[in-house]
Structure formats: structure tokens, C-alpha cells
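Student: So that we are looking at the same thing, I have put the structure below in C-alpha cells.
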Amino acid sequence: MATTMKDSDTQVTFEDQQKINRFARTNAKLMDLKEELTSKEKELENLTDAEDELMMAEGEDEHVPYPLIYIAKIGEVLVEMTSEEAQAALEAAKEVCQGEITALKSRADGFKQTLSELKTQLYAKFGTNINLDLDDES
């Protein structure tokens, strides 16, 4: 994100500097949120793939290993479950993941709205004397 001022007669007030700083912080938060969103979408894809694999393997084994993640921050622990239990656990995990993705997208939209408002205000005052280009406009 580039925030630059060209030489001009326009005075930068404390409030203007606060808006510029808020723009920079909000943009940084948006970039972090986009990384987290990408990670959650990959997690949802992995859960969907695991569900597909479970359906294809159905009937081969009575019990299948299912990972329990984040056990005391040590790593993964595999427990054996029936195919139906694993299917239900995968569905629940997918629903949680989808809810998290929806919440992240909502937060990202809020950040984008804030950035848009700040850009409008700052460009209205400084015109071409300020550059508020975002690194990633998506």
C-alpha cells in the first residue's frame, strides 16, 4: 500500500494524518484477513476432499481414522470412528469452516467500505497530491 504526498500548498492537519494512518492500518488488516480467508477456503476444500474420499472408501472398513486437531497445541490425534460418525464430523467441521468464511468475508467487506470512505475523503481534500493505491484491489 502506497501513501504518498506530492508537494503542494494543501496543509495536512492532525485529522488528515489520523485518516491516513487509519487507512494504512485498515488496509493492513484487510491484507491479513485475505490471507486468513485463503487459508480457510483451503481448509474447506480439504474437508470436502476428505468427505469425497470417505464416500469412495465406504464399505471397505468399519472404522476409519479421524483427526482431532489442536489437542493441547501438540498436534493431531487420530481416533477411530465408524464411517457414519466420520461423515457427521466432517459435515460439522465443514459447517463451522463455512461459517468462519462467511464471517471473514463480512469483516473484509466492512474494511473495504471503510477504505472506500477514507479514500473519498482524502482524495476530496488532496486530489492528485496523495496516492492511496492498494497493493491488492480484489
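Student: Where does each of MET56, MET81 land when they are ranked from fewest to most other beta-carbon atoms within 10 angstrom?
Tutor: Ascending Cβ contact count within 10 Å gives the list MET56, MET81.
Student: What length, rounded to one decimal in nm, is gained on full extension from ASP133 through to ASP109, with 0.36 nm per residue of separation minus their alpha-carbon distance?
Tutor: Contour length minus the Cα-Cα distance gives 6.9 nm.
Student: Follow-up. Can you sort PHE126, PHE14, PHE23 by how many other beta carbons sit within 10 Å, fewest first?
Tutor: Fewest-to-most ranking of PHE126, PHE14, PHE23: PHE14, PHE126, PHE23.
Student: As a footprinting exposure proxy, order TYR123, TYR66 by other Cβ within 10 Å, with the fewest listed first.
Tutor: TYR123, TYR66
Student: Select from the range 78-138 those trypsin sites (Lys or Arg not before Pro) which occupy a DSSP coil region and have at most 15 other Cβ atoms within 10 Å, ordered by residue number.
Tutor: Those that pass, being in a loop and sparsely packed, number zero.
Student: Excluding GLN98 itself, what net charge comes from residues whose Cβ is under 11 Å from its Cβ, given Lys and Arg +1 and Asp and Glu -1?
Tutor: Net of charged neighbours comes to -2.
FYI, it's all coordinate maths here, none of it is from the lab. Because the structure is a prediction, the values reported are computed rather than measured. Virtual Cβ from ideal backbone geometry, glycine too; neighbours counted across all protein chains shown.
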